[in-house]
Amino acid sequence: MEIRRSIMCEECKRPRRTKQWFDVCDTCVRKLPKVRCDACAKSVVKLQPDSPLCRQCTGTFSKQRIVCERCAQTDYPLISDPGLCRRCHKNANLRLWRKSLPQKMVCCNCRLPKRCFSKSEMVCQMCYKKRRNGEVRCTFTGCTKVILNKNLQLCRFHSEDRLAAKRLSKYIKTYASPFPANVRHFFMLTAKVNFANDNTQETTVRLRDVKRYRAIGEYLKIYELPERLTWQAIQEALPNLNSRGRVRNRLIRSALLELGNLCFQNGLLPDWNAYLYEQRCDKYLQSAPPMFVDHVAAFEKWASAGMLNPKFDMSLYESQPLTNTSDHILETIKAVVKFLKWCVKRNIHSLADINQNTAASYIETLFWQQECRACRKRIPLDSTKTGEICSNRECQAIDSYVRIRRLARATVSRGITTKLRTFFNWAQLHDVVWENPFPYDTVKSPKGTFTVINESGQMIEIADSIRRYDDDVVKRLCSDMVCSDDDPEVALVLYFIVFHLLTVSELCKNTFISCGGRGATK
């Protein structure tokens, strides 16, 4: 039986009886506007005084939002657990419930030792789902998973995809943020979503889209973006990919980058790759020695413009010069900055002071490094310091450093020295230096050399490849030399090849001279 109170109605100002918790009669209640509770999202007639929650949520949830300790989302926490949001509180209770179940038992159906899934009987999770849903496969085209929705014969993913469009549409319509600029950015991001067709087989909205837009929507409620977006602001807003919340952070990062690309398509931002190029170039320029910063910056402009000769007038031609890729230019600047830092450590503060001896010393440090024979710690090669104590505090061995190979010849000749030669070509064209200290024959590899890695992991350069016949072949050739049935010229040629190691070209040349230029060979 409903209990009604005698009140003086606040709307009609008449004595009435009501069953509501506030002093408004039943007739006037129907005319009051409805408001939405922030916690349960239900539409109610009136909220609690000085609270954004309804009467039902007031005794359960706190009146103030908090940032969850685990997922970093803002939510109204439970009064009994003020540190976690509602979702993390539910997951924590679920984990505690799973830990309370027997961890090792024999399933009553499959008879295998597994973890228990129910407190009422000893059954594993797989057997419990098979008994509940059967082994019927999802009816969605191409899906082979077991169904979860018996009515529609769909698995869990496609069953949630069926409602994804309605959930996302409702979330976008009711979205609000304390930052007005973020609301406009969110609506720009969701403007391309199509809700025309809710059919599971044809709709383009999936569950992953709902998770993605909800993740970026909740993030924009706590992080304010500027009214006019820049790539720097977007890069600062990108969350870190930590072990906790990694999937959510990846969704937020992809949504922010997509927002920047939408601004780029509308002509509001430059290209993302161009911004990354500028950032990396500024990073290298800041790390360069102060006395060489102007030279490196001028070289970057010259390389980006096509590496033209300053004495060449390009205005006479209609075609534009070809330029290198941005990655190649950045790698060249990186190699140049490393070389200039090495020069500063040797008290070289001008490009004019760099000569071929300096280049040869630097190339030697690229080929070799020092390794302690006691602790195997490696340091850069420095020919000016000998008899050093090992830099490892636990080792402290004396005269224990030995030279070992650092980089292969192809890496030095085709990679590093080529980049440095290009930089000094610019310096020579602009009259900064008189000659290039890195000529084309600086790292000339001998003919037939190659580099291999031995069993201990060290690189060894082999001058000539070793070719050796099998022992049976050598025995057969020696027997042919002493055989009287063969031609004596063949035996003589075999003798020169096996014992004197003469090549075919040497034999042909010597035979031609001995025969008076007739070129008789056998």
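Before moving on, here are some points about what is shown:
- From most to least packed by mean Cβ count within 10 Å, the peptides 109-118, 150-159 give 150-159, 109-118.
- Protection-proxy order for peptides 500-506, 26-32, each taking the mean of Cβ atoms within 10 Å per residue, highest first: 26-32, 500-506
- By the helix-only formula, in which each DSSP H run with n ≥ 4 contributes -39500 (n - 2.57) and the sum is divided by residues, the chain has a 222 nm mean residue ellipticity of -12000 deg cm²/dmol.
- The listed peptides 92-101, 209-218, 363-372, ordered by packing as a protection proxy, come out as 209-218, 363-372, 92-101 (highest mean of other Cβ atoms within 10 Å first).
- Inter-label distance for Leu285 and Arg98, nm, one decimal - labels placed 7 Å from Cα along Cα-to-Cβ: 5.3
- Inter-site label distance for Met188 and Ser304 at 7 Å from Cα along Cβ, in nm: 2.4
- Cβ crowding within 10 Å, taken as a proxy for footprinting-reagent exposure, orders Glu135, Glu160 from fewest neighbours to most as Glu135, Glu160.
- Cβ-based net charge around Leu53, under 14 Å, with every Lys or Arg adding one and every Asp or Glu removing one: +4
- Take the Cβ atoms of Asn133 and Gln64, set R0 to 45 Å, and the FRET efficiency comes out at 0.60.
- With the convex hull of the Cα atoms taken as the outline of the range 161-270, the averaged projected area works out to 7.3 nm².
- Put a plus charge on the Cβ of each Lys and Arg, a minus charge on the Cβ of each Asp and Glu, and nothing anywhere else: the dipole of the chain about its Cα centre is then about 5440 debye.
- Sequence-separation-based contact order of the chain, relative, with Cα cut under 8 Å and 6+ spacing, percent: 5
- When the chain is reduced to its Cα atoms, the Kirkwood hydrodynamic radius in Å: 33.6
- When Rg and the Kirkwood Rh are both derived from Cα coordinates, the Rg/Rh ratio for the range 283-401 amounts to 1.14.
- Considering only Ala491, Asn357, Leu101, the residue lying farthest towards the positive end of the dipole of the chain is Leu101, judged by Cα position with unit charges set on Cβ.
- Stretchable slack from Met8 to Cys478, in nm (0.36 nm times residue separation minus alpha-carbon distance): 156.4 nm
Every read-out reported here was derived from the displayed coordinates using simple, explicitly stated rules and does not represent laboratory data. None of these values were measured; they are calculated from a predicted model. Ideal geometry is used to build each Cβ from the backbone, glycine not excepted, and the neighbour counts take in all protein chains shown.
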